[in-house]
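A short write-up of the structure that comes next.
The values are calculated or read from the model by the stated rules, or taken from the named source; none is laboratory data. Nothing here was measured: the structure is a model prediction, and the numbers come from that model. Ligands, DNA and RNA are stripped out before the accessible areas are found, and what is left, the full protein with its side chains, is counted by its heavy atoms. Shrake-Rupley method; radii C 1.70, N 1.55, O 1.52, S 1.80 Å.
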Amino acid sequence: MTTSPVTRQPEVIIGVDAHKYTHHAVILTSTGQRIADHEFPATTRGYADLLSWAHAHGNIQACGVESTGSYAAGLARFLIDHHIEVREVNTPHPHTKARVGKDDVIDAEAAARKVLAGVASAIPKRTDSVIESIRFLALARDSAVKARTAAILQLQDMLVTAPARVRESAPAGGLAAAHHCQSSVPTMHA
């Protein structure tokens with residue numbers, strides 16, 4: 001009885017340069033040899049295609065991804081949900097961009113090389129947790145407070161140049177003046 005040797009898939013590292021509509025991926029071997037690169041749409045289908053493409057080239061050790069808190073948040077969630085180790089990669093420094101060049105393939109390869117070198121060790125924040133929901137609520141509240149403040153300041157500025165009758169009847173203070181102006185406006189009926 002003879003047995004044939006089992007062929008092992010090589011260990012690979014993936015690097016991804018993320019953009020709003022597309023993500024460019026590069027595959028490196030565990031020794032740093034570039035195997036392939038490809039661009040995928042930034043959609044669920046594109047994420048699945050990227051993962052399938054990467055699996056076809058070997059066993060994925062880890063994936064270095066730029067912009068996991070913005071453009072690549074969906075990709076990072078998808079990869080983590082499919083049990084792929086994802087590492088947050090900082091975007092290249094402007095001096096590096098000027099020296100090495102700037103394009104999607106270069107950036108994706110740099111992301112993979114940072115993972116390979118152990119430089120990219122940060123785990124991306126999950127963006128589908130309760131904490132993310134709280135962050136969205138806080139963001140909406142902060143935006144509403146800023147809009148309210150801007151409206152009150154704008155009203156105060158307008159009162160400076162308003163006719164004397166309006167200016168002198170409005171109480172001092174932004175919120176009090178806003179309430180006064182609101183109650184002074186005649187209501188219109190249809």
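What number comes out for accessible area per residue over the chain if the probe is 1.4 Å? Units Å², please.
Value returned for the chain: 65 Å² of accessible area per residue.
S143: accessible area at probe 1.4 Å, nearest 10 Å²?
Accessible area, nearest 10 Å²: 70 Å².
In whole Hz, with x marking every Gly and Pro, tabulate ³J(HN,Hα) for region 75-84 from phi via Karplus 6.51 cos²θ - 1.76 cosθ + 1.60, θ = phi - 60°.
Calculated HN-Hα couplings, in order: 5, 4, 4, 4, 5, 4, 5, 9, 6, 9 Hz.
Per DSSP H run of at least 4 residues, take -39500 (n - 2.57); add these up for the chain, divide by its residues and hand me the 222 nm value, nearest 500 deg cm²/dmol.
Calculated at 222 nm, the ellipticity per residue is -15500 deg cm²/dmol.
Report, in degrees rounded to the nearest 10, the 0 to 90 angle that the Cα long axis of helix 44-57 makes with the longest principal axis of the chain.
20 degrees
Rank K20, K125, K146, K114 by accessible area, highest first, at a 1.4 Å probe radius?
Descending order: K125, K146, K20, K114.
Straight-line reach from K146: which aspartates and glutamates fall under 18 Å, measuring Cα to Cα and dropping same-chain residues less than 8 apart?
By straight Cα distance, K146 reaches D157.
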